[in-house]
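Chemist: Once you've had a glance at the structure underneath, I'll fire off some questions.
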Amino acid sequence: TVWGGIRYWQLNVTTADPFGSASLGVIPSVGRLSYANDPGVAGYLLLAYGSLGGVTPGTGAPLNFDLTGVTGARFSIYIVDPTGGTAQIAVEANGVTYTSPLVLIGAAAPTAYDVPFSAFTPGGLLANLNDVDGARYTFSGNPGWDVQLFSIGLTPEPTTMTLLGLGVLALVRRRRKS
């Protein structure tokens with residue numbers, strides 16, 4: 001499951017070598033978003049949807065999604081230069097912005113991270129998923145941090161995963177019989 005609506009992005013440099021740069025680009029051949037900082041340059045990348053997006057952050061149109069049954073947010077990332085970094089996710093529901101704890105990113109291989117909505121503060125996001133208006137992902141790292149984002153979306157509800165697993169088992173069983 002993925003977020004819908006218009007996606008907004010913002011690249012912010014927090015410390016900079018006067019001869020360095022930060023860049024954001026798309027690698028079309030593999031469908032990845034690439035975020036890179038030169039050595040001596042540190043910054044952060046915001047990707048936002050709905051009410052937490054907009055040309056001026058926080059001014060986007062509400063999504064009005066009903067995510068009842070969805071258990072959390074997910075992102076898949078690959079660290080090209082494994083110097084470590086963090087991610088944080090915010091979700092706006094029923095007029096309240098809920099924020100995840102910092103997620104430490106350290107894998108030098110493509111890795112999916114699931115952040116359960118039950119970990120977001122203030123508590124109660126799971127009770128308010130019937131009207132989600134926006135989402136924001138913030139990625140930051142040490143100077144020289146280079147990453148590639150594979151996907152950003154939602155953790156499927158357990159029922160969907162169970163049905164998918166049962167379908168795969170049925171296909172395997174059918175194939176063995178024939």
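Chemist: Can you pull out every residue in the range 35-69 that is β-branched (Val, Ile, Thr) and more than 14 Å from ALA135 (Cα to Cα)?
Modeler: VAL41, VAL55, THR56, THR68 - these are the residues of the range 35-69 that are β-branched (Val, Ile, Thr) and more than 14 Å from ALA135 (Cα to Cα).
Chemist: Would you check if LEU52 is in a strand (DSSP E or B) and over 16 Å from LEU154 (Cα atoms)?
Modeler: no
Table: residues versus (1) open to solvent by 30 Å² or more (accessible area, probe 1.4 Å); (2) in contact (Cβ under 8 Å) with a residue 12 or more places away in the chain; (3) small (Gly, Ala, Ser); (4) closer than 23 Å to VAL91 by Cα.
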position: LEU11; (1), (2), (3), (4): yes, yes, no, yes
position: ALA16; (1), (2), (3), (4): yes, yes, yes, no
position: ASN37; (1), (2), (3), (4): no, yes, no, no
position: LEU45; (1), (2), (3), (4): no, yes, no, yes
position: TYR49; (1), (2), (3), (4): no, yes, no, yes
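Chemist: Moving to a separate point now. Before we move on, is VAL26 open to solvent by 60 Å² or more (accessible area, probe 1.4 Å) and within 18 Å of the chain's Cα centre (by Cα)?
Modeler: So VAL26 fits the description; yes.
Chemist: Kindly indicate the residue of the range 79-95 that is at pLDDT 90 or above and farther than 11 Å from ALA135 by Cα and also surrounded by the most Cβ atoms within 10 Å (Cβ to Cβ) among those meeting that condition.
Modeler: Residue satisfying both the conditions and the ranking: ALA87.
Chemist: Next question. Quick check: is even one residue across the range 12-19 part of a strand (DSSP E or B) and either touching a Leu at 6+ places or on another chain (Cβ under 6 Å) or over 30 Å from VAL96 (Cα atoms) (or both)?
Modeler: Yes.
Chemist: If I ask for residues that are over 16 Å from PHE120 (Cβ atoms), open to solvent by less than 20 Å² (accessible area, probe 1.4 Å) and touching a Gly at 6+ places or on another chain (Cβ under 7 Å), which ones from the range 52-78 would you list?
Modeler: Answer for the range 52-78, where residues must be over 16 Å from PHE120 (Cβ atoms), open to solvent by less than 20 Å² (accessible area, probe 1.4 Å) and touching a Gly at 6+ places or on another chain (Cβ under 7 Å): GLY53, GLY54, GLY60.
Chemist: Among the residues in the range 117-131, are any assigned to a helix (DSSP H, G or I), touching a Phe, Trp or Tyr at 6+ places or on another chain (Cβ under 7 Å), at pLDDT below 90 and open to solvent by 20 Å² or more (accessible area, probe 1.4 Å)?
Modeler: For the range 117-131, residues assigned to a helix (DSSP H, G or I), touching a Phe, Trp or Tyr at 6+ places or on another chain (Cβ under 7 Å), at pLDDT below 90 and open to solvent by 20 Å² or more (accessible area, probe 1.4 Å): present.
The values are calculated or read from the model by the stated rules, or taken from the named source; none is laboratory data. What you are looking at is a predicted structure, and each value in this text was computed from that prediction instead of being measured. As a convention, Cβ positions derive from the backbone with ideal geometry for all residues, glycine included, and neighbour counts pool all protein chains shown. Just the protein is used for accessible areas: all its heavy atoms, side chains included, with ligands, DNA and RNA removed. Shrake-Rupley method; radii C 1.70, N 1.55, O 1.52, S 1.80 Å.
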